[in-house]
Amino acid sequence: MKVAVVYESRTGNTARAAEMIAAAAQELGHEVGVWPTRKVNLDFLKEADLVFVGTWTDGIVIAGHRPGDAGRLLDLPGIWGKPTAGFLTYAIHAGKVLDGLADVVKLRGGDWIGGNLFKRSRLPEGIAAFTIAALDEAQARLGVNAQADADA
Ligand SMILES: Cc1cc2nc3c(=O)[nH]c(=O)nc-3n(C[C@H](O)[C@H](O)[C@H](O)COP(=O)(O)O)c2cc1C
């Protein structure tokens, strides 16, 4: 599959998580591109079978959690109808920030397949399993879509 990993990062943690996801997918033989949102290769994104979208957790630690720099994610073109998985890094407590990222992806027309939180001090814990699960889910959805197209 063609896999695009797109992220926002201010201090490098989410960039590191993005590179780890990209490496895990590449190791499994997928064609992978990884960029910050403002530098996305739009041709690659347009052809991608699976998109990972990631950012950092913004909030006041105990409340008000939201995806950081969500405006830039909302500018992201080209994920309409594509299986899209979300990832967020955080420091201490991220509340329901994943729900916020799911909303952003859905607003852009992405087909939300789930997401994961990653504690910045524990990277790369959980990255490989998350990547594999997203690849499996995308494969399943694409299989279903291909069948639906064939049946039409
Ligand atoms: C303005 C601001 C608000 C933050 N709010 C939270 C928060 O509510 N909960 C939390 O666990 N981490 C919070 N963080 C920490 C970041 O989410 C965390 O360090 C993240 O890994 C940063 O990602 P980056 O290095 O890709 O920019 C906040 C950071 C900033 C700059």
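When each of LYS46, LYS106 is tested for being surrounded by fewer than 21 Cβ atoms within 10 Å (Cβ to Cβ) and more than 18 Å from VAL5 (Cβ to Cβ), the lone residue that passes is LYS106. What about ALA15, is it at pLDDT 95 or above, open to solvent by less than 10 Å² (accessible area, probe 1.4 Å) and either within 9 Å of the ligand (Cβ to nearest atom) or not in a strand (DSSP E or B) (or both)? Taking the combined requirement at face value, the residue does not satisfy it. Of all residues in region 118-135, those being assigned to a strand (DSSP E or B) and in contact (Cβ under 8 Å) with a residue 60 or more places away in the chain number 1.
Do the conditions hold for VAL51, that is, is it closer than 18 Å to GLY81 by Cβ and either touching a helix residue (DSSP H, G or I) at 6+ places or on another chain (Cβ under 8 Å) or small (Gly, Ala, Ser) (or both)? So VAL51 passes the test.
In region 49-65, which residue that is among the small types (Gly, Ala, Ser) and in contact with a strand residue (DSSP E or B) (Cβ under 7 Å, 6 or more places away or on another chain) is least open to solvent (accessible area, probe 1.4 Å)? That would be GLY54. For ALA138, the criteria (1) within 22 Å of ARG10 (Cβ to Cβ); (2) assigned to a helix (DSSP H, G or I); (3) open to solvent by less than 40 Å² (accessible area, probe 1.4 Å) hold in every case but one, which is (1).
Conditions (1) modelled with pLDDT under 95; (2) surrounded by fewer than 19 Cβ atoms within 10 Å (Cβ to Cβ), marked per residue:
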site	(1), (2)
GLY68	no, no
LEU88	no, no
ALA91	no, yes
ALA94	no, no
GLY100	no, no
LYS119	no, yes
GLU125	no, yes
ALA129	no, yes
ALA146	yes, yes
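Among the residues making up region 6-63, those that are more than 24 Å from ARG108 (Cα to Cα) and among the hydrophobic types (A, V, I, L, M, F, W, C) are MET20, ALA23, ALA24, LEU28, ILE60, VAL61, ILE62, ALA63.
The values are calculated or read from the model by the stated rules, or taken from the named source; none is laboratory data. Model, not experiment: these values are computed from the prediction. Every residue, glycine as well, gets a Cβ built from its backbone with ideal geometry; the counts of neighbours run over all protein chains shown. Surface accessibility is based on the protein's heavy atoms, side chains included, excluding ligands, DNA and RNA. Shrake-Rupley method; radii C 1.70, N 1.55, O 1.52, S 1.80 Å.
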